[in-house]
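Colleague: Input: one structure, supplied below.
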Amino acid sequence: MLPYVGGAEIKKLHPEIPLGTIKTTLRRGAQRIDNRSQPWSGRPRAITDETRDFIYDTVTHTDPHITHRELLDSIDNVCKKTGSSNDPT
């Protein structure tokens with residue numbers, strides 16, 4: 001196990017990094033479990049990566065002329081029309 005090194009000692013080795021950044025990094029590192037970052041707060045994504053890939057493949061390769069309604073039906077309406085369109089209408 002490595003010996004504890006505080007923020008001041010790290011600051012001496014890397015004067016270009018602000019001390020506040022070093023302290024925040026050390027504090028967040030202590031909060032991690034198994035060295036993994038905590039999940040983002042907030043609502044999860046409406047569609048999975050697999051659904052997103054399916055939509056992309058359908059629109060670009062399988063059926064470029066598919067209607068928006070048909071596309072939503074093909075993914076069982078997992079997202080709303082307003083969430084999947086850049087069209088303001």
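The values are calculated or read from the model by the stated rules, or taken from the named source; none is laboratory data. Owing to the predicted nature of the structure, the values given are computational and were not obtained by experimental measurement. Here Cβ is always computed from backbone atoms with ideal geometry, including for glycine, and neighbour counts include all displayed protein chains.
Colleague: Only one of ILE22, ILE33 is of a type in the set (A, V, I, L, M), more than 30 Å from CYS79 (Cβ to Cβ) and surrounded by fewer than 10 Cβ atoms within 10 Å (Cβ to Cβ). Can you tell me which?
Modeller: Within the list ILE22, ILE33, the selection yields ILE33.
Colleague: Another question, then. Sort out which residues of region 68-79 are surrounded by 10 or more Cβ atoms within 10 Å (Cβ to Cβ) and either among the aliphatic types (A, V, I, L, M) or part of a loop (DSSP other than H, G, I, E, B) (or both), and write them in order of number. Even if it seems obvious, please write down each step before you answer.
Modeller: Step one: filter region 68-79 for residues surrounded by 10 or more Cβ atoms within 10 Å (Cβ to Cβ), giving 68-75, 77-79.
Listed by number, the residues that qualify are LEU71, LEU72, ILE75, ASN77, VAL78, CYS79.
Colleague: Evaluate the following for ASP87: is it loosely packed, with under 12 Cβ neighbours inside 10 Å and modelled with pLDDT under 80?
Modeller: Numbers: loosely packed, with under 12 Cβ neighbours inside 10 Å: yes; modelled with pLDDT under 80: yes.
Here the answer is yes, as ASP87 does meet what is asked.
Colleague: Starting from residues that are part of a loop (DSSP other than H, G, I, E, B) and aliphatic (A, V, I, L, M), keep the ones in region 46-67 and report whichever is farthest from CYS79 (Cα to Cα). I'd like the intermediate steps shown before the answer.
Modeller: Kept after step one, since they are part of a loop (DSSP other than H, G, I, E, B), are these residues of region 46-67: 46-48, 63-67.
Remaining after also requiring aliphatic (A, V, I, L, M): 46-47, 66.
Numbers: ALA46: 6, ILE47: 7, ILE66: 17 Å.
Looking at the filtered set, the residue picked out is ILE66.
Colleague: Looking only at residues that are β-branched (Val, Ile, Thr) and closer than 30 Å to ALA8 by Cα in region 22-62, which one is farthest from the chain's Cα centre (by Cα)? Give the derivation first.
Modeller: Going through region 22-62, the residues β-branched (Val, Ile, Thr) turn out to be 22, 24-25, 33, 47-48, 51, 55, 58-60, 62.
Those left that are additionally closer than 30 Å to ALA8 by Cα: 22, 24-25, 33.
Values: ILE22: 24, THR24: 21, THR25: 20, ILE33: 19 Å.
Applying the filter and picking the extreme gives ILE22.
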